[in-house]
1. Taking the Cα centre of the stretch 39-106 as origin, sum charge times position over the Cβ atoms of Lys and Arg (+1) and Asp and Glu (-1), and report the length of that vector in debye to the nearest 20.
2. Among all helices in the chain defined by DSSP H, which have a length of 30 Å or more along the axis from Cα atoms plus a Kyte-Doolittle mean of at least -0.5?
3. With charges set only on the Cβ (+1 for Lys and Arg, -1 for Asp and Glu), what does the dipole of the chain come to about its Cα centre, in debye to the nearest 20?
4. If you add up the charges near Q69, with Lys and Arg at +1 and Asp and Glu at -1, over every other residue whose beta carbon is less than 11 angstrom from its beta carbon, what do you get?
5. For a 19 Å ceiling on Cα separation, which of these pairs sit above it: K127/K212; K97/K212; K158/K184; K92/K212; K92/K188?
6. Which log10 I(q)/I(0) values, to two decimals, does the stretch 119-216 give at q = 0.25 Å⁻¹ under the Debye formula with one point per Cα?
7. How do 158-168, 123-133 rank on mean C-beta neighbours within 10 Å, highest first?
8. Quick one: check the C-alpha center-to-center distance for the stretch 18-93 versus the stretch 98-127, whole angstrom.
Amino acid sequence: KQVQPAQPTFAQQLVSQSGKADTFSAFANLFSLWQRDYSAYTGETACTRAIKAGMRCIFGQGEIADILQYNRPAVLELQNANQEVVFGVLHKVNDNKLHVKVFDKDIEATMQELQQAWSGNYIVLWKPPFPDNESLAEGFVGPDVLWLRHQLDQIEGKKKAEYSADNLKFNSALTDRVTQFQTKQGLKADGIVGRETFIELVNVSDTSLAPKLMPTDRG
């Protein structure tokens, strides 16, 4: 009776014949998920290139749950079975399986396997709806505020706000709507639309072509 060979562990699968997976290969994979060619942009760092591509980096140190809240692919710092640091892209989550791309190989991991190999460091890319403005708060006036109203209208099932002087103003009633949305989504409920709230608005209203780890539940 033949003994089935043991399946290589996640950390063993991270050992590659192509050399050590560095940040260049990881960001090339991450950019391609955003339909962009990493080598077409110049810059000292990946995040400089990201800005040129109309995106921003979020550096984090934490849990998988933090990345799942963003629901965006992330570059992870991992350690393979040879104790070498390698970089992979977490790009899909389904049925408690996490899919990590290293070079051109897609490796599956359980939550526990990933946690064991991962340093906790990650970089997520996001695309601000307005490149010059990464936060909105009460008192702000402009078309960005109307965009915010339209996202909330869609999420709340309301009729789309019309273009008017009043609807361009971020007033206290809008702060209340933002706070309610933040509370419902498990975000810090401060009524300020920063990057986490921007990302969540786009996720829930599903108005963006941004790559997601999981399909958005609009229930």
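1. Magnitude of the dipole: close to 300 debye.
2. none
3. Dipole magnitude for the chain comes out near 380 debye.
4. So the surrounding residues net to -3.
5. K92/K188
6. Scattering profile of the stretch 119-216, log10 relative to I(0): -1.57.
7. Order by mean packing, descending: 123-133, 158-168.
8. Each part's Cα centre sits 10 Å from the other's.
The values are calculated or read from the model by the stated rules, or taken from the named source; none is laboratory data. None of these values were measured; they are calculated from a predicted model. Reconstructed Cβ throughout: ideal geometry from the backbone, glycine too, with neighbour counts over all protein chains shown. These area figures cover heavy atoms from the full protein model, side chains too; ligands, DNA and RNA do not enter into them. Shrake-Rupley method; radii C 1.70, N 1.55, O 1.52, S 1.80 Å.
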